[in-house]
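Computed from the coordinates by the stated procedures, all read-outs in this text should not be read as laboratory data. Because the structure is a prediction, the values reported are computed rather than measured. Positions of Cβ are generated from backbone atoms using ideal geometry, with glycine treated the same way; all protein chains shown enter the neighbour counts.
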Amino acid sequence: MLKKLLLLVAVTTTISLSAVAASLQDVENSFYPYKNSTPTFDGLTVGMIINKDNVEQFKAILDPAMYQFIKTGDTEIKVGETTSFDLHSSYVEATKANLANVKLGDKPGEISGSIAGRPFPEEPSLDDSRAGEKLAWNYKYGYNWGDSAAIQPFYWKFRNMKNGKLERTLKFNFHFLNFTHRTQQAPVPAITPNPSNLFRGIYVQVLEPFDVKNTQLLIQRFEDDLKRDNAYLYLGFQRRVRRLSSGQVTDSFLGSDVMIEDFEGYNGRISDMTWTFKGTKNMLVPMYNHNEMILDSETHKDDEGYQVVSFGGKGSCFPNVTYQLRKVYEVESASVDPNHPISKRSHFIDAQTFTIPRNITYDRKGDMWKSWSIGQAHPDHHLPKNKGTGVAIDDAFTMIDIQAQHCTTGQFKGIVDPTLTPASKMTVQNLRSSGR
């Protein structure tokens with residue numbers, strides 16, 4: 001009888017912990033974690049270089065893949081000052097307005113009451129069995145690219161990591177648009193009419209080289225997370241649109257080391273994964289001021305004088321950017337589909353912005369397979385147009401296939417400008433008309 005009573009108390013306590021509504025203080029702590037102090041680590045100073053000679057001292061604040069790269073001499077990193085990436089005030093206010101309304105459903109992928117803003121701003125707890133799922137929702141409904149933005153142009157380079165040979169360069173335009181959960185760009189909180197009840201659209205167009213020119217990708221993600229995305233591919237040489245099967249989002253995209261599911265750190269449904277919160281830590285992640293980095297002045301000339309981030313390290317697979325010591329949530333996602341090509345991902349989510357600057361992907365055997373970095377640039381130290389937008393700008397990425405010793409790198413010109421991404425871009429009709 002006593003055992004049953006204790007079990008009942010434990011279950012009731014767990015339910016109560018997960019059901020407690022967030023407070024205004026939770027919102028303040030979530031969006032402004034560096035208001036009173038910034039994290040420190042013994043021996044770490046701004047401006048220092050972490051390399052194979054001193055990496056053991058800083059192993060605790062590096063993710064396992066980055067630690068290994070530095071230890072073997074593949075790269076070294078420079079420490080930057082920890083700075084606040086304040087999101088736009090409209091997103092913070094929307095979070096406050098919805099505090100008492102947001103609740104998880106009975107099963108993963110179900111949520112109610114989330115109109116706009118961060119769904120679960122309270123500090124996650126290891127005692128909450130659904131904490132990982134809540135953090136995944138914070139990422140999905142986050143302010144990544146704001147309500148809409150464009151990357152034009154966007155350069156992808158395929159490199160042999162062993163010898164540094166540049167094998168191929170692709171030039172893209174990427175566009176992102178939120179149909180719902182909007183806070184800053186009119187209309188808010190949603191674009192209407194929206195008969196399909198879409199949450200987000202992603203549109204990709206290849207500009208170069210000639211053999212894949214005008215290949216286009218369209219992803220339509222529904223507000224209902226249990227509904228599978230619509231994904232369409234337009235092949236320029238065939239001049240027709242075909243619908244992608246769910247399995248194709250985990251194939252190599254145009255011969256790169258990147259899956260469609262990898263975009264932005266994770267580009268899929270909450271319900272496709274089991275999410276586990278592994279803990280909160282201070283960790284070095286690639287977040288910085290773009291205008292203060294080592295920029296590529298030799299290639300990709302821009303009419304406005306904009307220069308993309310340069311790359312170095314082994315095979316030129318590592319962006320030349322600084323790393324800040326920041327508060328990070330470690331979340332593990334494992335596919336519910338046993339046929340998925342990976343066993344799990346370790347996501348290192350920035351606690352302030354809910355972007356994912358670092359990911360590690362593990363193969364089916366559980367071995368480390370791929371390392372994903374996406375540098376986040378502060379909007380006030382980037383293009384003048386981005387100043388004041390409160391959007392952490394995706395600025396440079398690298399996907400390293402550790403096993404194959406190969407990488408795909410990305411150099412961005414990210415622009416937060418609603419005129420560049422009208423809702424008409426997120427349609428199958430646009431694929432056909434743009435492909436002519």
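A few notes on this one:
- I342 being at negative phi, crowded, with 23+ Cβ neighbours inside 10 Å and of a type in the set (V, I, T): no
- Residues (closer than 30 Å to E110 by Cβ and either more than 22 Å from the chain's Cα centre (by Cα) or not in a loop (DSSP other than H, G, I, E, B) (or both)) located in the range 205-243: L217, L218, I219, Q220, R221, F222, N230, A231, Y232, L233, R243
- Tally of residues being in a loop (DSSP other than H, G, I, E, B) and within 30 Å of H382 (Cα to Cα) across the range 421-436: 2
- Taken over the range 97-128, the residue count meeting the criterion of being of a type in the set (A, V, I, L, M), part of a loop (DSSP other than H, G, I, E, B) and surrounded by fewer than 21 Cβ atoms within 10 Å (Cβ to Cβ) is 4.
- Single unsatisfied condition, Y362 versus (1) surrounded by fewer than 21 Cβ atoms within 10 Å (Cβ to Cβ); (2) of a type outside the set (K, R); (3) farther than 20 Å from G279 by Cα: (3)
- Within the range 185-211, if we keep just the residues that are among the aliphatic types (A, V, I, L, M) and surrounded by 13 or more Cβ atoms within 10 Å (Cβ to Cβ), the residue that is farthest from A97 (Cα to Cα) turns out to be L207.
- Residue-level check: of (1) under 26 Å from G390 (Cα atoms); (2) surrounded by fewer than 22 Cβ atoms within 10 Å (Cβ to Cβ); (3) out of contact with any Phe, Trp or Tyr (no Cβ under 7 Å at 6 or more places or on another chain); (4) not small (G, A, S), T180 misses just (3).
- Restricting attention to the range 317-356, the residues being assigned to a loop (DSSP other than H, G, I, E, B) and over 18 Å from the mean Cα position of the chain (by Cα) number 8.
- Residue count, the range 264-289 (criterion: crowded, with 23+ Cβ neighbours inside 10 Å and farther than 17 Å from N138 by Cβ): 5
- Candidate set from the range 129-170 (those that are aromatic (F, W, Y) and in contact with a Pro (Cβ under 7 Å, 6 or more places away or on another chain)); member that is surrounded by the most Cβ atoms within 10 Å (Cβ to Cβ): Y141
- Hits in the range 57-96 (condition: in contact with a strand residue (DSSP E or B) (Cβ under 9 Å, 6 or more places away or on another chain), closer than 27 Å to G390 by Cβ, among the polar types (S, T, N, Q) and surrounded by fewer than 18 Cβ atoms within 10 Å (Cβ to Cβ)): T83
- Strands (runs of 3 or more DSSP E) enclosed by the range 357-420 - at least 2 residues per element that are within 15 Å of V308 (Cβ to Cβ): 368-377, 393-401, 406-415
- Residue match in the range 196-203 (condition: more than 15 Å from Y143 (Cα to Cα) and either part of a loop (DSSP other than H, G, I, E, B) or out of contact with any helix residue (DSSP H, G or I) (no Cβ under 9 Å at 6 or more places or on another chain) (or both)): yes
- Residue count for the range 270-304 under the criterion of being in a strand (DSSP E or B) and either touching a residue at least 24 places away in the same chain (Cβ under 8 Å) or more than 30 Å from E208 (Cβ to Cβ) (or both): the result is 15.
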